[in-house]
1. Can you list which of the GluC sites (Glu not before Pro) found in the range A:491-599 are DSSP loop residues with at most 10 other C-beta atoms within 10 Å?
2. Which whole number gives the average count of other chain Cβ atoms within 10 Å of the Cβ atoms across peptide A:151-159?
3. Over 5 Å intervals from 0, what percent of Cα-Cα pairs in the range A:106-211 sits in each interval?
4. Please compute the Cα-Cα pair-distance distribution of the range A:540-598 with 5 Å bins starting at 0, giving whole percents from short to long.
5. Between the range B:49-84 and the range A:452-522, what is the C-alpha centre distance in whole Å?
6. At 222 nm, what helix-only mean residue ellipticity would chain A give, in deg cm²/dmol to the nearest 500, using -39500 (n - 2.57) for each DSSP H run of four or more?
7. Which net charge results when you count Lys and Arg as +1 and Asp and Glu as -1 among the other residues whose beta-carbon is under 9 Å from that of A:K40?
8. Which of A:Q130, A:V484, A:A469 sits closest to the plus end of the dipole of chain A, meaning its Cα is farthest towards the positive end, when Lys and Arg get +1 and Asp and Glu get -1 on the C-beta?
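Just so you know, all these numbers are worked out from the coordinates, no wet-lab data involved. None of the values given here were measured: they were computed from a predicted structure. Cβ: placed from backbone, ideal geometry, glycine included. Neighbour counts: every protein chain shown.
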Amino acid sequence: MAGRRFVEPGVKTRRFDALIVGGGGAGLRAALQLARSDYKVAVVSKVFPTRSHTVSAQGGITAALANVDDDRWEWHMYDTVKGGDWLGDQDAIEFMCREAVTAVYELEHMGLPFSRLDNGKIYQRPFGGQSKNFGGDQATRTCAAADRTGHALLHTLYQQNIACRTQFFDEYFALDLLRDAEGYCLGIAAMSIGTGEPLLIEARTTLLATGGAGRVFWNSSNAMINTGDGLGMVLRAGLPLQDMEFWQFHPTGIAGVGCLITEGVRGEGGYLLNGNGERFMERYAPHAKDLASRDVVARAIAIEIAEGRGCGPASPQRGGGYVHLKLDHLGEKTIAEKLPGIRDLAIRFAGVDPVEKPIPVAPTAHYMMGGIPTNLYGQVVAPARFGPEEPVPGLYAVGECACVSVHGANRLGGNSLLDLIVFGRAAGRHMQEYLRDNPYPRPLPGDAAEASLARLRRWDRAGGERVAAISDDLRHLMQGHAGVFRTDAVLREGLENLNELEGRLARAGLQDTSRIFNTARIEALELENLMGVARATLVSAIGRTESRGAHTREDFPVRDDERWLKHTLYSRAGDHVDTKPVRLKPLTVESIRPQEREY
Amino acid sequence: MKFRLYRYNPESGKQPYMQDVELDIDPAGRMLLDALLAIKARDETLSLRRSCREGVCGSDAMNVNGRNRLACITPLGELSEPIEIRPLPGLPVIRDLIVDMEPFYRQYRSIKPWLINDDPVPETERPQSPEDRALLDGAYECILCACCTTACPSFWWNPDKFVGPAGLLQAYRFIADSRDEAMAARLDNLEDPYRLYRCRGIMNCVDACPKGLNPTEAIGRIKALLVKRRV
């Protein structure tokens with residue numbers, strides 16, 4: 001198709017060099033890198049950027065600064081490989097742990113209000129899965145701004161972007177990628193939430209930083225906006241998703257509510273007690289105890305509750321049992337200085353003041369280890385003509401929506417904010433190279449936006465089924481069929497139920513077809529994305545017949561390196577699951593060979 | 001429970017009105033946002049912003065029984081019925097509980113809310129003592145929900161000229177930061193009968209802040225610095 005045609009009369013178009021989809025930590029870090037160059041960069045976000053879910057991160061960002069105790073990035077790397085149960089790609093992990101130190105200093109220089117040690121250096125606290133000397137004593141590696149590190153980080157990055165005059169499209173909803181016949185990404189189709197009008201945003205290079213999809217579970221620590229929009233866009237474009245069976249259940253969500261209580265509580269010396277008042281983590285992880293990695297602690301809590309050693313009566317309010325997180329022994333002063341936000345949340349949502357009483361906690365869906373497969377530079381990769389991994393020209397992804405993969409089968413606390421910053425910066429740098437190498441915009445095919453405009457129009461149609469009801473049922477389905485413990489039969493039943501839900505979604509319609517700030521329409525579009533995420537999760541989880549990290553199969557209880565030391569790649573066409581090898585070779589250091597994982 | 005909701009749909013051609021709604025909900029352990037979402041599940045035309053549902057993102061600020069609050073951390077049981085819910089006052093209403101926040105954001109941007117330090121960048125962190133860092137407590141935690149600024153009559157009258165409590169609190173956050181080098185320019189930017197001095201110290205902002213912050217105190221400190229540099 002040569003030359004430019006009118007896409008559709010009346011559809012507005014804007015043009016930029018680079019486009020960032022998502023205004024959280026990853027998107028804003030990448031945008032900043034580009035905004036400081038001479039390129040024109042735009043950020044599209046469905047919420048005002050500081051409402052993004054990065055704001056909820058509490059405990060901190062991990063980097064081997066060695067401000068409190070001996071530390072080296074190599075130890076951080078070892079912990080990350082082990083924490084991810086050897087599924088993480090070691091080249092990406094080395095890159096992240098190396099770059100961590102400068103990336104954190106850079107945040108400090110931008111003004112992030114880190115808490116401080118007496119010598120004026122950045123405060124660091126111990127976190128789960130951290131060790132010195134490759135599996136030795138507990139390390140102290142997570143840099144914190146009290147228990148509001150995500151808030152401090154997101155606001156700092158937003159402020160820097162204002163200073164650089166980044167162009168923001170706030171409250172625009174991204175619909176689909178725009179691509180040409182050769183597969184180049186040429187921007188996105190979006191919709192202004194405020195007016196309901198579609199808008200095409202053309203850019204020579206596009207970065208997806210759309211965050212996670214934790215709202216696919218009923219009990220979730222995630223913000224209501226975490227609906228996997230970028231993942232839906234990628235699936236609709238016919239591209240695969242990687243490792244989607246791996247979901248992290250955070251051990252300490254407020255029971256029955258799901259709001260997060262940071263691992264930093266245990267880092268500062270808090271611990272878990274079961275209904276008998278026993279420090280049960282000593283049985284599951286004799287060495288690291290309460291600071292074992294999250295999958296280990298979450299499983300332990302789930303077992304305690306299932307075997308009748310939970311606290312309190314099983315009630316619908318508390319989700320049928322919980323354990324206690326005790327921190328009153330830390331004293332009011334430490335809690336006020338280091339964990340003020342936690343105290344606030346516990347008082348509001350659990351009705352207990354942690355200065356006096358333990359907080360009732362239970363595992364809550366928290367983080368998606370899988371996502372859009374990328375390489376070290378954030379380029380989206382997909383199987384193509386010449387092999388299993390070729391960059392999709394012009395398209396990048398970073399942050400929770402991406403799978404680079406540094407978190408493997410289980411993410412360590414404090415590595416999420418780090419992932420955003422390190423790979424946001426790396427992608428921003430690489431996008432500049434891409435812009436240099438591809439100086440001219442490619443023509444947008446006339447029909448590039450047709451499918452997404454049709455998808456928009458589809459929601460003008462009436463229908464009997466209600467979006468809110470399907471959405472609730474989906475979240476219950478995933479909670480019941482893809483939770484902490486999984487079996488083939490339960491997963492397959494979940495998939496059958498999902499087919500039924502998809503049928504209902506096809507018959508659904510909106511009561512409200514107005515244009516201006518129609519949030520019902522947005523929720524319908526979000527549900528379409530969540531459906532894709534649920535399907536990818538169930539199909540990938542059925543495929544992986546082993547237990548690794550956060551994916552626990554009761555019918556396949558052990559890790560099977562011979563068959564499964566590899567990534568899954570889910571494609572929507574035919575619900576196909578392919579695999580690709582884990583990159584065990586780091587960039588410069590020796591490979592960390594798979595071992596038995598003990599804490 | 002009984003609710004009275006402010007409703008406005010600009011496409012309907014109708015004037016805004018108050019809608020009486022009854023909802024069967026047990027208030028124990030529930031927040032106002034839970035009730036509004038239950039109402040929306042029944043009537044999806046009701047529009048509001050929401051995201052984190054734990055009081056850190058600042059999306060769901062609204063006027064509840066006459067007071068600006070975040071719906072997600074307002075316990076239902078605390079509210080007297082009928083619970084009257086209106087959009088934040090003093091900003092143009094777009095639809096239902098959604099207001100145009102741009103006048104608020106513009107004032108935030110006007111105080112140059114970023115750290116200014118032109119020294120060569122050190123290889124490690126810029127040191128800051130715990131005491132200096134403590135000066136930022138009570139200021140950096142702002143979530144930009146606009147509860148305070150839209151509770152301030154001075155902002156209602158002069159939204160284009162008065163920075164408002166949220167913006168001034170952020171101005172103080174940078175003035176107080178030992179790493180920032182632009183105090184003089186920041187004070188110049190505020191030394192104006194409208195931008196700063198429209199604050200009459202009535203402390204509506206303190207009463208409204210859902211995070212327990214005290215913009216009035218920060219404004220007082222800025223005024224004190226201005227006095228000090230004049231003498």
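1. A:E590, A:E596
2. Averaged over the peptide's residues, the number is 4.
3. Taking every Cα pair in the range A:106-211, the percentages come to 2, 10, 13, 13, 13, 12, 10, 10, 9, 7, 2, 0.
4. That works out to 4, 16, 22, 22, 18, 10, 6, 2, 0, in percent per bin.
5. A separation of 28 Å, based on Cα centres.
6. Computed mean residue ellipticity for chain A: -10000 deg cm²/dmol.
7. -1
8. A:A469
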